[in-house]
Amino acid sequence: MAHADGSGDGVRHFTRLDDFTPQQIEDLLDLARRLKHKPARPDLAGRSVGMLFFRPSLRTRSSFEAAMNQLGGRTIALAAASDFWDLEVREGRVMDGKAPEHIRDAAAVLSSYVSALAVRPPVEGQSWEVDRQDAHIRAWARYAKVPVINMESALWHPLQGLADLMTLREHVGSLRGKRLTLAWVHSPQPASAAVAHSLLFAAALAGMHIRVAHPAGYELDEGVLTDVRRVAGTTGAELEQQEELESAVEGAHVVYARSWQSLGDYDNATLSASRRARFKDWRIDERLMARGDDARLMHAMPIRRNVEVTDEVLDGPRSLVHLQAENRLHSAKALLTMLLRH
């Protein structure tokens, strides 16, 4: 399947979950489960993935490198802070500024070196209307001649979405009709909304009943919510939003804790910090988890202990956090196998 911004030569990219059909997602998750329970074969011997990081990474980089190693392939990891320079993304520019190279040229050259490109693009943080366009990852997909994998853009984190679906299937069972609460939690340095967006899309694909709980002013991207509602209309999923945490976790089978920045004051750090400070009580503890239906805890990490979630919950039997992180490896192996084996 070619990406909507693809080069037209049939290259399949993975920049958001719906780059794959629902059946392809099912096939990928089935493959991930099989790869988790048997030694990986060197199906990707001789293949390589170029990894470009414009922002820090721990789980994504390590899981991808481990996945390629177990499959017999290799990775070339490059960090913007030390290994390459600024890249221009805009078309038709007179490039007399800071960036000495355009993405279209970098993508063309790197495509001749590697079998796929995995990119964690920059996020400017000045305007949500600009950042939500995901111009950088879309440009890589447009100009690359090999598959492009999104390692977390401003809008989407499809790799985390895959691991989340895999974890839910393993520990909740059949997902249709199960209740998932996405709970905003306080953090002095909130993460992007990309994980939350991909989780909602994944849960809608699975037909879950989804509640999103957040304080006023922390609404997620309306375009994403429109996409989620569209998917929900085909799968029987339900989506509701509320501004009260305790009632949102009532009867939940899964509580997914995540901090994200207010999109309303995205470009105003002072106002953003002032708004967050009013909601320090938005934290997951055992008392809250007990309101669920034998609820399990999920979180994409990194996680601030006793700020976002208490130690009691994180280290207790309800927590799937470390298993969820482990599944980043197995879902990455499945994705790489599907993209590169043939």
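The values are calculated or read from the model by the stated rules, or taken from the named source; none is laboratory data. Just so we're clear, the structure is a prediction, and the values are computed from it rather than from any experiment. Note that we place each Cβ from the backbone using ideal geometry, even for glycine, and neighbour counts take in every protein chain shown.
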Exercise. Does region 98-105 include one or more residues that are modelled with pLDDT under 95 and hydrophobic (A, V, I, L, M, F, W, C)?
Worked result: yes
Exercise. If only one of VAL313, VAL249 is without any contact (Cβ under 8 Å) to a residue 40 or more places away in the chain, crowded, with 18+ Cβ neighbours inside 10 Å, of a type in the set (Val, Ile, Thr) and out of contact with any His (no Cβ under 9 Å at 6 or more places or on another chain), which one is it?
Worked result: VAL313
Exercise. In this structure, does GLY292 turn out to be loosely packed, with under 13 Cβ neighbours inside 10 Å, over 24 Å from the mean Cα position of the chain (by Cα) and either assigned by TED's automatic domain parsing to the domain that holds VAL195 or hydrophobic (A, V, I, L, M, F, W, C) (or both)?
Worked result: no
Problem set entry | Considering residues of region 142-161 that are of a type outside the set (Ser, Thr, Tyr), out of contact with any Phe, Trp or Tyr (no Cβ under 9 Å at 6 or more places or on another chain) and not in a loop (DSSP other than H, G, I, E, B) only, the residue surrounded by the most Cβ atoms within 10 Å (Cβ to Cβ) | GLN160
Problem set entry | Some residue of region 144-164 being under 28 Å from SER262 (Cα atoms), aromatic (Phe, Trp, Tyr) and over 17 Å from the mean Cα position of the chain (by Cα) | no
Exercise. Restricting the search to region 316-332, which residues are buried (at least 17 other Cβ atoms within 10 Å of the Cβ) and of a type in the set (Gly, Ala, Ser)?
Worked result: SER319, ALA325, SER331, ALA332
Seminar exercise, completed: Flagged in region 333-342 as surrounded by fewer than 22 Cβ atoms within 10 Å (Cβ to Cβ) and within 24 Å of the chain's Cα centre (by Cα), in numbering order, are THR337, MET338, LEU340, ARG341
For this session: State which residue pairs qualify: first residue assigned by TED's automatic domain parsing to the domain that holds ALA194 and on the phi > 0 side of the Ramachandran plot and inside region 204-231, second residue of a type in the set (S, T, N, Q) and not in a helix (DSSP H, G or I) in any location, beta carbons under 8 Å apart, and separation of 6 or more residues or different chains.
Result: GLY217/SER262
Problem set entry | Filtered residue count, region 85-133, keeping only those that are assigned to a loop (DSSP other than H, G, I, E, B), surrounded by fewer than 22 Cβ atoms within 10 Å (Cβ to Cβ) and under 26 Å from the mean Cα position of the chain (by Cα) | 14
Problem set entry | Filtered residues of region 186-205 (kept if in contact with a Lys or Arg (Cβ under 7 Å, 6 or more places away or on another chain) and either part of a helix (DSSP H, G or I) or crowded, with 24+ Cβ neighbours inside 10 Å (or both)) | VAL195, ALA196
Problem set entry | Members of region 232-246 found to be in contact (Cβ under 8 Å) with a residue 40 or more places away in the chain and part of a loop (DSSP other than H, G, I, E, B), listed by number | GLY236
For this session: Being surrounded by fewer than 19 Cβ atoms within 10 Å (Cβ to Cβ), more than 21 Å from the chain's Cα centre (by Cα) and in the same structural domain as VAL224 (by TED's automatic domain parsing) narrows it down to one of ARG278, ARG283, ARG304, so name that one.
Result: ARG278
